[in-house]
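Note sheet for the following structure.
Just so you know, all these numbers are worked out from the coordinates, no wet-lab data involved. Quick caveat: nothing in here was measured; it's all calculated off a predicted structure. Quick reminder, even Gly has a Cβ in these numbers, built from the backbone with ideal geometry, and neighbours come from all protein chains shown.
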Amino acid sequence: MCAARSKAFRAIILGAPASGKGTISSRIVRDFKLKHLSSGDLLRSQMSAKTDVGLMAKEFMNKGSLVPDDVMSTLIINELALLKQHSWLLDGFPRTLKQAETLHQQEHTDVVISLDVPEDEIVQRVAGRWTHISSGRVYNTEFNPPKVPGIDDVTGEKLIQRDDDKPEAVRKRLQTYEANIKPILDYYHHHGVLQLFKGRFTNEIWPKVHEFLSEKIPPKAN
Ligand code: G5P
Ligand code: MG
């Protein structure tokens, strides 16, 4: 799928809230030479820095609604401009067909990895999620607990539970995802770059993602 074609590899990871986009992305960047850009992490760092965009986005995020397309697209396109020479993995963007079309005007797309995880699994996961805001590292009290409860393994800083992980906001986020995802999947399917990965657990999905990517780009040398 081609807009302005560059040699760098362009990957997108899509999936419902808590489907494991962040967890799988961290494994991808561990094993492949891609820079990870998460739209949610970017917004949360803007919120922490209390920028105008961050303050505005907070209202939408805490309710589980989408940040408006024009704000979101400008933010992401500006960040991607800084990564022009690098191969990248975009997590959480696009979230609407409009965003997909805007991205396509700027960049080509090599692959779209779409995660399909059952909803009951998602609801259960969110309750146990703890996040390190400045890095985007995520933990789960059962699946991948931090070494010390409530503390980030790498920096020793405190972990938090996201405001939008409260049950009402999670329900809204899932509804929003369901309402928007089909035209995006159709769009990428039509362009021949969509690959679906279905499963309940990250450890079940990950080997398939790894195998798929290994056929497209060389894994990092150990
Ligand atoms: P985000 O930040 O993109 P979501 O809702 O899309 O938020 P989220 O919540 O970050 O996605 P994820 O990255 O898909 O989830 O999942 P994750 O964090 O890796 O895993 C979830 C939890 O499950 C973790 O605790 C993890 O350890 C655990 N886990 C993983 N695998 C397993 C497993 O196999 N078993 C178990 N038991 N646990 C597991 O977006 C947030 C908000 O920002 C705005 C919106 O308001 C959005 O709601 N936003 C945008 N708005 C407009 N347009 C955009 N493009 C936007 N992007 C963000
Ligand atoms: Mg995430």
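Okay, here's what the table says:
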| read-out | value |
| --- | --- |
| Dipole moment magnitude, nearest 20 debye, region 17-158 about Cα centre, only Lys, Arg, Asp, Glu C-beta charged | 400 debye |
| Antiparallel %, DSSP beta bridges [both residues in the chain], to 5 | 30 percent |
| Residue among 126, 154, 170 with the largest mean-square fluctuation in a Gaussian network model of the chain, springs linking Cα atoms under 10 Å | 154 |
| Of 84/182; 35/158; 33/172; 21/63, pairs whose Cα-Cα distance is over 32 Å | 33/172 |
| Amide H contacts under 5 Å for residue 35, placed H, 5+ residues apart | 87, 88, 89 |
| Using θ = phi - 60° and Karplus 6.51 cos²θ - 1.76 cosθ + 1.60, couplings along region 21-36 (whole Hz; Gly, Pro as x) | 4, x, 5, 5, 4, 5, 6, 4, 6, 5, 9, 10, 7, 10, 8, 9 |
| MRE, 222 nm, helices only [DSSP H, n ≥ 4, -39500 (n - 2.57), over the chain, to nearest 500] | -14500 deg cm²/dmol |
| Candidates 19, 87, 38, ranked by Gaussian network fluctuation over the chain, Cα under 10 Å, top entry | 87 |
